[in-house]
C-alpha cells in the first residue's frame with residue numbers, strides 16, 4: 001500500500017508547485033498552496049528533493065478558490081496551473097518567485113522587487129494559442145507534465161475572437177502535428193499555422209475568412225491561403241507579426257511592458273536606444289518617436305522584416321539582422337540606454353559587456369523566465385552594471401508564467 005504523508009506547505013516554487021519540507025528534502029506539490037496542510041503520496045524521489053501527488057487538503061488556504069474550467073486539475077490539461085488560486089494571491093506569488101530566483105540563483109541578498117503589475121482581465125485574454133491533435137477527432141492541450149493531450153472543447157483563457165476561430169477549426173486529421181491559432185483584435189485578422197508530418201501541405205477548403213500557412217520543421221513558412229501574418233494594435237501603434245515569429249499573446253500585457261520599460265529607461269530626444277532581440281519591434285516602434293535614434297538587432301529574418309515594415313515611416317530606426325552577440329561586438333555606435341529581450345535560454349555571450357563598451361548607462365532586461373534572469377545577473381555584474389530593481393508583469397494569469405522587467409545601471 002502506498003504511504004500517505006501529511007505535510008505543511010510553506011512556499012511556492014518557480015514552476016507553480018507549492019513547497020514544503022520532508023525531513024531534509026524539499027517537497028514539491030502541484031495544485032496546492034502555501035499555508036495548506038495536505039496529504040500526499042510520493043511519486044518522484046531524489047537526494048535533495050521529492051515530488052508528491054496531492055491526495056487530500058486537510059487545511060485549505062484562504063486563497064483557494066474553485067477552478068471554473070472542467071479541464072483543470074491533476075492528470076488533466078496542463079495549460080493552467082493556478083486556476084485554484086485567487087487572483088490577488090497569484091500576483092503576490094509571482095513577486096515572491098522572482099525575488100526568490102534573484103536571491104538563490106542571482107546571488108542578490110535583498111533585491112528590490114516591485115509588486116506584480118496586473119495588466120487587465122484574468123480570463124479571455126489570449127489572442128494566440130498552440131493546440132495538438134488529441135486522438136479523439138478534436139484538438140486539445142497537453143496534460144500536466146506529459147505529452148498526452150487533453151481534448152478541449154473550450155478554453156476560458158481564449159479571447160472570444162480566438163475561441164471563435166478555434167471552434168471553426170477544432171478538428172484533427174492524419175499527419176497533423178499541431179495547430180497554432182492567432183487573431184489580431186485591432187485588425188480582425190485570423191491566422192492558422194499548421195505543422196504536419198513530413199511537412200505535407202493538406203488540401204484545404206474553407207468558407208470562413210482566415211489565412212492559413214504551413215510551418216515546416218526548418219521554420220520555413222509556406223502560405224496556403226492569404227497573407228502569412230496578422231496585424232495588432234498595441235498602445236496606439238500598428239504592428240505586423242508574421243507566422244513563426246515571437247508575437248504577444250496578451251496585448252494588454254504588452255502595453256504594460258511598454259509602460260514599465262519606458263518608466264525605467266526614460267527615452268527622450270538626444271538619447272540613442274539599443275533594442276537587443278528586437279523581434280517585430282515592440283520597443284523599437286514604441287520608443288522611436290521619443291528617441292533620437294533606435295538601433296534594433298535580431299537574428300530572426302522574418303521578425304526583422306516585420307520590424308522594418310512596422311517602422312518604415314520612421315527615419316530614426318536602424319536595424320541589424322544577425323546573432324545579437326556577434327552584431328553587438330562589431331557595432332561602434334554610441335548608446336545611452338538599452339532594452340534586452342533574451343530568448344528562453346538567456347542572454348547571449350558578452351551582450352552586457354558590449355552595451356557597456358558602447359556607453360549604455362541604463363539597461364533593462366525583459367525576461368520571460370525569472371531563473372534565466374537570475375543566471376544573467378553575473379554577466380551584468382561583470383560588465384559593471386548594478387541591479388537596481390525589478391517589476392514582474394502578469395502576462396499569463398491562471399499560470400505561473402511571469403515576465404520580469406529588471407533595471408540595471410552603472
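The values are calculated or read from the model by the stated rules, or taken from the named source; none is laboratory data. Just so it is clear, the structure is predicted and the values come from calculations on it, not from any experiment. Cβ coordinates were reconstructed from backbone atoms using ideal geometry, including for glycine residues, and neighbour counts include every protein chain displayed.
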Count of the range 290-307 residues which are surrounded by 17 or more Cβ atoms within 10 Å (Cβ to Cβ) and more than 16 Å from residue 244 (Cβ to Cβ): 6
Any hit, the range 382-405, residues being out of contact with any strand residue (DSSP E or B) (no Cβ under 7 Å at 6 or more places or on another chain), assigned to a helix (DSSP H, G or I) and free of Cβ contacts under 8 Å to residues at least 24 places away in the same chain: no
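Here is a yes/no grid of residues against (1) under 19 Å from residue 12 (Cα atoms); (2) touching a strand residue (DSSP E or B) at 6+ places or on another chain (Cβ under 9 Å):
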position	(1), (2)
61	yes, yes
69	no, yes
73	yes, no
78	yes, yes
83	yes, yes
86	yes, yes
94	yes, yes
104	yes, no
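Would you check if residue 188 is assigned by TED's automatic domain parsing to the domain that holds residue 225, under 24 Å from residue 123 (Cα atoms), at pLDDT 95 or above and out of contact with any strand residue (DSSP E or B) (no Cβ under 6 Å at 6 or more places or on another chain)?
Judged against the criteria, residue 188 is a match.
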Enumeration of residues in the range 83-118 that are within 16 Å of the chain's Cα centre (by Cα), in a loop (DSSP other than H, G, I, E, B) and surrounded by 21 or more Cβ atoms within 10 Å (Cβ to Cβ): 116
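Picking from 130, 139, which residue would you name as being in contact with a strand residue (DSSP E or B) (Cβ under 7 Å, 6 or more places away or on another chain) and surrounded by fewer than 17 Cβ atoms within 10 Å (Cβ to Cβ)?
Every option except 130 fails the conditions.
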From the options 55, 43, residue that is in contact with a strand residue (DSSP E or B) (Cβ under 7 Å, 6 or more places away or on another chain) and under 17 Å from residue 15 (Cβ atoms): 43
Pairs with Cβ under 8 Å, 6+ apart, first in the range 161-180 and surrounded by fewer than 17 Cβ atoms within 10 Å (Cβ to Cβ), second assigned to a helix (DSSP H, G or I): 175/197; 175/198; 177/197
